[in-house]
Amino acid sequence: MLTIRQITENTEAVIRGLEKKHFKNAKEVIDQVIKVNDKRRNTQNQSDKNLAEINTLSKSIGQMMKEDRAGEGEAARARVADIKEKNKALETAVSEADAELRNLLYTIPNLPHESVPEGTKAENNTVERTGGKDVVLPSDALPHWDLAKKYDLIDFELGVKISGAGFPVYKGKGARLQRALINFFLDEARDAGYLEVEPPYVVNTASGYGTGQLPDKEGQMYHVGIDDLYLIPTAEVPVTNIYRDVILDEKELPIKNCAYSACFRREAGSYGKDVRGLNRLHQFNKVEIVRIDKPEHSYQSLDEMIIYVESLVSKLELPYRILRLCGGDMSFTSSLTFDFEVFSAAQKRWLEVSSVSNFESYQANRLKCRYRTEEKKT
């Protein structure tokens, strides 16, 4: 979450950053934030003045009574009662302004890093580097959905029967391959110093707001209304929320976690040939890595994560490329994102397999995650 100080002290830069990310009505939203903040501050100042006057009058009442100035004392009591009554409205106004301001800030995305390219779509992303060997398939090669049926690896129709489209059933060697890949990624993460955690697959509203999925991606998340819980779109959400409302010791940083989870996304509006087979699912498996570090070390951590993910696709001997995403193609919460894509020889196109991002302080602000230095400064 952007801070009020960040917005008020760097208003034009914030607006330019939001426009680079193609956030609609950036200037109008920021102007509204400043307007509401001014209203909240002015109302709070008036309330503080009232409380100061109440405090002064309350101290004087006792002295008046001692000096046999009962009339003045009663008048002061009446004045205190009047101010308290009027201040109730001010306190309510401050609370309402706080809520309005908080809700506005929740709708504003993170600012892009200066190195983020201009653009609105995938064609504007820049290729950082490529690797791996090209795969050459025979002209009669079958697409993966036909291979899955031929060798009884994945049953898409059975998934439709049980749950609906986008919920495949893995069988036999298909299920074993899924499990082997999950174990491979978890074991590699452990060897790289990541602590494995097994998180819940549902989160509450506070967790969704903490990592920024809410309110931005609410329409893309499965919501269990009766319990007000959300199925996770990625393990990033529950793992990062481990540190919500937590003050860490400086010596604990960096924190490195990894987690496997099933992921659930509604993917509303997805249709056509590009979503056939496993290309776009409502439920899929993923191993996530999360790092929490000091702000001044965050881009070093990002570089290390990129190198780590690159080592994984290299070990799997996949032809890959690394993309620096443009402003309009980045996620709501990201400052800088690198996508890993592998080339599908059968589909003759690049497919995203991993995404590595730096959120800078954006999620930490929403989560109220802080750290305390050795000098006890937070």
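The values are calculated or read from the model by the stated rules, or taken from the named source; none is laboratory data. Everything numeric in this text was worked out from a predicted model, so none of it was measured. Note: ideal-geometry Cβ built from the backbone for every residue, glycine included; neighbour counts use all protein chains shown.
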Exercise for review: For the stretch 170-193, indicate whether the set of residues that are touching a helix residue (DSSP H, G or I) at 6+ places or on another chain (Cβ under 6 Å), of a type outside the set (Val, Ile, Thr) and within 26 Å of Glu360 (Cβ to Cβ) is non-empty.
Suggested key: yes
Check your understanding: Can you tell me which residues in the stretch 126-167 are assigned to a helix (DSSP H, G or I), over 36 Å from the mean Cα position of the chain (by Cα) and surrounded by 12 or more Cβ atoms within 10 Å (Cβ to Cβ)?
Key -> Asp146, Leu147, Lys149
Check your understanding: Within the stretch 7-26, how many residues are within 15 Å of Asn365 (Cβ to Cβ) and in contact with a Gly (Cβ under 8 Å, 6 or more places away or on another chain)?
Key -> 0
**Study point:** Residue tally, condition of a type in the set (Phe, Trp, Tyr) and either touching a strand residue (DSSP E or B) at 6+ places or on another chain (Cβ under 6 Å) or in a strand (DSSP E or B) (or both), over the stretch 318-367
**Key:** 5
Check your understanding: Under 7 Å by Cβ, and 6 or more places apart or on different chains, what pairs join a residue from the stretch 13-42 that is over 17 Å from Thr3 (Cβ atoms) with one that is β-branched (Val, Ile, Thr)?
Key -> Lys20/Val116; His22/Thr120; Lys27/Ile15
Check your understanding: How many residues are hydrophobic (A, V, I, L, M, F, W, C) and surrounded by fewer than 18 Cβ atoms within 10 Å (Cβ to Cβ) when one looks only at the stretch 30-56?
Key -> 4
Review point. Can we say His297 is assigned by TED's automatic domain parsing to the domain that holds Gly164, within 24 Å of Val353 (Cβ to Cβ) and in contact (Cβ under 8 Å) with a residue 24 or more places away in the chain?
Key: no
Review point. Does any residue of the stretch 255-268 turn out to be modelled with pLDDT of 95 or more and over 30 Å from Ala175 (Cα atoms)?
Key: yes
